[in-house]
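The values are calculated or read from the model by the stated rules, or taken from the named source; none is laboratory data. If you're wondering where the values come from, they're calculated on a predicted model, not measured in any experiment. No Cβ is skipped: glycine too gets one built from the backbone with ideal geometry, and neighbour counts run over all protein chains shown.
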Amino acid sequence: MTKNSHINLDNLIYAIKNCNVENTYKMSWLRSIIEFTIESDAKVIDLVFIARTMFKHYWDQTIFFNLQQGQNPYREPIIVQIVKKEINFYKKKYNNFKPIFFLKIQDKINVDTKKIIQVLKRDVIWRFQKDVNLYLIEKNKNQIILKDPLFLKKNSEVILELVNFRWTQILENYNSAPKIANKVRGTEKGEIKRKNLNKFHHLLEIENPKKICFLSNKKIEDDLSIHHVIPWSYLYSDDIWNLVYTKSNKNSKQSNKIPTKKMIDKLIVRNKVLIKKMEEKNLKNKFYYELKNSIEKNLVNQFWIGCKG
């Protein structure tokens, strides 16, 4: 692509849709710039701000959904490597494996802005400037100067929608996971909420009235929990065909680990038993048809294979 000398929305839309990518850096870079213009009218952006903002993007998408952000699954983008290192540090130090947004725990995290800025200077800033001429590069000052911040602020809502759309497209090329658009939007808005699973109890008890733990095969005397066999972080959905009773500590231990084939085979058998018992009770509600559809389309195996890849 050739650099546009005049900034207008058409040029920017074209750049977002057509820029060459090997990872999602350019989308995170542009979103960071737009987030700056929403907060400030200044023209000068310190690269430390962008480095922390991009770290936030990747922290949220990784800790909740572990989305692959580059072409090569065996050689992740360096910024993602930095983020994953800090996620592991945070989990071990605070013994907290529950996904949490970066902004809520940023004071507990060390963001290596120096290293991220090095990556941005080498791989992102000049390349995106070739796509669309939004800024001047201050090489020795670790900052960029926006040519028209008011234009970016005025069109921020449209630009962010386009960035999310392209980011989703890129991620769909690298990930087999479902609902990627919802995951991108959810992390951007800071609105990732797990729903209450109580409505599934009466269904699970149809097949498992004695409340036998799916993971240990032992009766659950207390601390009953509902577990997603295929991780919620992959499906981003609560489906009866994927939910089982477990003891709370077993649920926490399994967490977002990929289930074994033995567990998948067991779930498939459980689903067949459950649908038969629902039919015996003439219980043909929306959950029944969701379960029936999952069996007919072999969704358990399909999604299991997907989450492994």
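Would it be correct to say that residue 193 is among the basic types (Lys, Arg), surrounded by 13 or more Cβ atoms within 10 Å (Cβ to Cβ) and either more than 30 Å from residue 120 (Cβ to Cβ) or not assigned by TED's automatic domain parsing to the domain that holds residue 279 (or both)? No; evaluated as a whole, the condition is false for this residue. Filtering 100, 50, 45, 87 for residues that are outside the structural domain of residue 255 (by TED's automatic domain parsing), touching a Leu at 6+ places or on another chain (Cβ under 9 Å) and either modelled with pLDDT under 95 or part of a helix (DSSP H, G or I) (or both) leaves a single hit, 50. All but one of (1) on the phi > 0 side of the Ramachandran plot; (2) crowded, with 19+ Cβ neighbours inside 10 Å hold for residue 236; which doesn't? For residue 236, the failing item is (2).
Of everything in segment 110-125 that is in contact (Cβ under 8 Å) with a residue 40 or more places away in the chain and not in a helix (DSSP H, G or I), the residue that is nearest to the chain's Cα centre (by Cα) is 111.
The one condition from (1) more than 30 Å from residue 301 (Cα to Cα); (2) surrounded by fewer than 17 Cβ atoms within 10 Å (Cβ to Cβ); (3) modelled with pLDDT under 95 that residue 176 does not meet is (1). With respect to residue 255, determine if the residue is within 21 Å of the chain's Cα centre (by Cα) and at positive phi. Answer is yes for this residue. Taking the criterion of being touching a Leu at 6+ places or on another chain (Cβ under 9 Å), crowded, with 17+ Cβ neighbours inside 10 Å and either over 15 Å from residue 125 (Cα atoms) or among the acidic types (Asp, Glu) (or both), the residues of segment 140-159 that qualify are 151, 152, 155, 159.
Residues in segment 4-21 that are under 25 Å from the mean Cα position of the chain (by Cα) and under 13 Å from residue 128 (Cβ atoms): 15, 16, 18, 19, 20, 21. Residue 234 meets the conditions (1) touching a residue at least 60 places away in the same chain (Cβ under 8 Å); (2) in a loop (DSSP other than H, G, I, E, B) in every case but one. The failed one is (2). As for segment 148-164, it holds no residue that is among the aliphatic types (A, V, I, L, M) and either touching a strand residue (DSSP E or B) at 6+ places or on another chain (Cβ under 6 Å) or closer than 22 Å to residue 300 by Cα (or both). Filtered by the rule that a residue be out of contact with any Phe, Trp or Tyr (no Cβ under 8 Å at 6 or more places or on another chain) and crowded, with 17+ Cβ neighbours inside 10 Å, segment 207-222 gives 207, 215. Which of the residues spanning segment 167-217 are free of Cβ contacts under 8 Å to residues at least 60 places away in the same chain and of a type in the set (Lys, Arg)? Scanning segment 167-217 gives 179, 185, 189, 193, 194, 195, 199, 210, 211.
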